[in-house]
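The values are calculated or read from the model by the stated rules, or taken from the named source; none is laboratory data. Computed from a predicted structure; not experimentally measured. All Cβ positions, even for glycine, are placed from backbone atoms using ideal geometry, and neighbour counts span all protein chains on display.
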Amino acid sequence: MQIIGNGRLFTLDSANPFFADGAVVVDGGEVKAVGPTAEMRKAYPDAGFFDAQGRVIMPGFINTHTHAYSAYARGCAPSMPQRNFLEVLENMWWRLDRLLTPEDVELNAYTTFKESIQYGVTTVIDHHSSPHAASGSLFTMAEAAKKIGIRASLCYEVSDRDGADILEREIAENVEFMKWANSDDSDMIKGLFGLHASFTLSQDSLEKCVAAKEGVKGGYHVHVAEGRPDVVDSMARYRKPIVERFAELGMLGPETIAVHCVHINTREAEQLVLTDTNVVHNPESNMNNAVGLANTADWIKRGMRLGLGTDAYTPDMLESLKVAAIVPPHENQDPTLGFMEAGSMLFVNNAEICGKFFDKGVGKLKPGYHADLITMDYRPFTPFNGSNLWGHAIFGMHGSMVVDTMINGEWVYRDRQFTKIDEAEIDARSTARAAEIWKSM
């Protein structure tokens with residue numbers, strides 16, 4: 001048992017949201033108690049004590065949509081044009097993922113997961129692709145996640161783009177991994193059934209996916225109406241919007257994640273709300289790909305459970321938060337929009353989304369929840385308390401302030417050093433492989 005105390009404690013639990021000099025009691029992998037440091041030390045005199053030295057103590061961040069496979073893209077200058085969204089996919093991402101080997105899958109997982117931890121992310125929901133190394137890829141990523149100590153939900157994005165044989169392998173990878181993850185009682189690794197998007201899956205292929213997943217616990221993780229080509233394709237080939245197409249196959253629900261949803265219509269938004277389907281917003285990626293921006297304020301008013309991801313644009317959830325907060329007032333010329341919506345995505349809804357997949361709670365420091373927490377060296381020059389965390393997070397805090405990261409009661413990053421991996425060795429291997437991959441880009 002250990003006590004993490006002597007810091008500004010933000011629990012994100014409405015019953016006990018803030019302690020000016022607070023402490024978290026951790027027993028095994030879960031939170032046992034929270035309260036004033038002096039009271040916790042008196043109540044648990046035999047527990048070890050970790051001195052946060054006045055830093056912020058708070059739950060680790062959750063990234064509800066990212067792509068570890070994109071890791072080698074950082075700094076890469078592809079030779080082919082990227083003048084629109086389809087060219088971005090075809091000439092960047094689909095060229096890259098076809099080059100990946102099992103070794104690359106492992107390295108991409110390590111580099112993505114370690115950067116996540118470094119920026120205070122304790123749970124990631126990843127959407128993977130490596131068409132010529134599909135079989136076993138999710139198991140490779142899960143092994144990396146377990147070694148580094150991060151909590152993760154993994155899936156493989158099935159599509160038609162690489163032919164029937166690879167399609168079958170991608171479907172099998174999802175099903176086999178979901179079955180394995182469902183039998184693992186650590187609550188550290190979960191699985192979803194990944195799909196790329198409506199426009200890269202024929203009706204026959206989509207029905208194969210649904211049939212293969214039947215009887216397997218877990219939902220789907222799929223890009224929805226990220227760009228207009230996805231919408232146009234669905235209307236042209238199936239005479240129906242994307243969300244309706246998925247709904248007819250029974251794919252929506254509280255264990256499914258619909259990502260982006262930039263170009264859904266009002267009826268589709270209502271379908272997502274009525275089916276209790278999770279939606280994840282990725283503002284930086286949407287802006288970078290020039291696909292438009294989701295109508296987040298309207299969706300939240302309708303009751304949508306809208307989370308916040310990064311789409312691998314950044315490892316820093318606070319960076320994604322800032323953009324989610326400032327884009328709506330700019331786009332709508334309305335300064336009343338953005339702040340509350342963005343805060344609810346990161347600090348409330350991401351935890352609720354994870355609650356649909358993980359057995360114990362994450363995203364709060366509350367008795368019975370997983371002990372996933374961080375300390376941040378943020379020392380503001382204005383009042384900072386339980387009433388204004390979101391304001392400080394948006395306008396003052398950033399991920400590089402993270403000093404320590406605990407996941408499942410274990411320090412995986414302490415005093416800005418990784419405790420379970422050799423960071424330099426991983427970075428050196430990744431740099432060498434990326435240089436080779438770039439030659440074919």
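Among the residues of the range 253-266, is there at least one that is assigned to a helix (DSSP H, G or I) and either among the polar types (S, T, N, Q) or in the same structural domain as MET178 (by TED's automatic domain parsing) (or both)? Yes, the range 253-266 contains a residue that is assigned to a helix (DSSP H, G or I) and either among the polar types (S, T, N, Q) or in the same structural domain as MET178 (by TED's automatic domain parsing) (or both). Screening the range 283-294 for residues that are more than 18 Å from ASN84 (Cβ to Cβ) and buried (at least 21 other Cβ atoms within 10 Å of the Cβ) and picking the one that is farthest from the chain's Cα centre (by Cα) gives ALA294.
Just give me the residues in the range 94-115 being more than 12 Å from ILE437 (Cα to Cα) and either at pLDDT below 95 or aliphatic (A, V, I, L, M) (or both), in sequence order. Of everything in the range 94-115, those that are more than 12 Å from ILE437 (Cα to Cα) and either at pLDDT below 95 or aliphatic (A, V, I, L, M) (or both) turn out to be VAL105, LEU107, ALA109. Cβ separations smaller than 6 Å between residues 6+ apart or across chains give the following pairs from the range 304-324 residues that are in the same structural domain as THR123 (by TED's automatic domain parsing) to residues that are in a loop (DSSP other than H, G, I, E, B) and of a type outside the set (Lys, Arg): GLY309/ASN282; ASP311/ASN282; ALA312/HIS67; PRO315/TYR119; ASP316/TYR119; LEU318/MET397; LEU318/HIS398; SER320/THR310. Here the helices (runs of 4 or more DSSP H) wholly within the range 300-389 that include at least 1 residues being touching a Pro at 6+ places or on another chain (Cβ under 6 Å) and either farther than 26 Å from PHE19 by Cα or modelled with pLDDT under 95 (or both) are 317-332. The set of residues in the range 349-382 being over 14 Å from ILE189 (Cα atoms), among the aliphatic types (A, V, I, L, M) and touching a Gly at 6+ places or on another chain (Cβ under 8 Å) consists of ALA351, ILE353, ALA371, LEU373, ILE374, MET376.
Between a first residue in the range 156-177 that is at negative phi and a second residue that is among the small types (Gly, Ala, Ser) and modelled with pLDDT under 95, which pairs have beta carbons less than 7 Å apart while being 6 or more apart in sequence or on different chains? From the range 156-177, no pairs qualify.
Quick check on THR336: is it surrounded by fewer than 15 Cβ atoms within 10 Å (Cβ to Cβ) and under 23 Å from ALA393 (Cβ atoms)? Yes, satisfied.
Among the residues making up the range 139-173, those that are part of a helix (DSSP H, G or I) and of a type outside the set (A, V, I, L, M) are PHE139, THR140, GLU143, LYS146, LYS147, ASP165, GLU168, ARG169, GLU170, GLU173. All of LYS208, LYS190, LYS217, LYS240 fail the test of being over 28 Å from THR123 (Cβ atoms), in the same structural domain as HIS128 (by TED's automatic domain parsing) and not in a helix (DSSP H, G or I), apart from LYS240.
Elements of the type strands (runs of 3 or more DSSP E) sitting completely within the range 30-106 and holding at least 3 residues that are closer than 30 Å to ALA133 by Cβ and within 20 Å of the chain's Cα centre (by Cα): these cover 61-66.
Across the range 404-441, the qualifying residues are those that are among the hydroxyl-bearing types (Ser, Thr, Tyr) and in contact with a Leu (Cβ under 7 Å, 6 or more places away or on another chain), and the one among them that is nearest to ARG95 (Cα to Cα) is SER440. Total residues in the range 124-154 satisfying the condition of being charged (D, E, K, R) and crowded, with 21+ Cβ neighbours inside 10 Å: the figure is 2.
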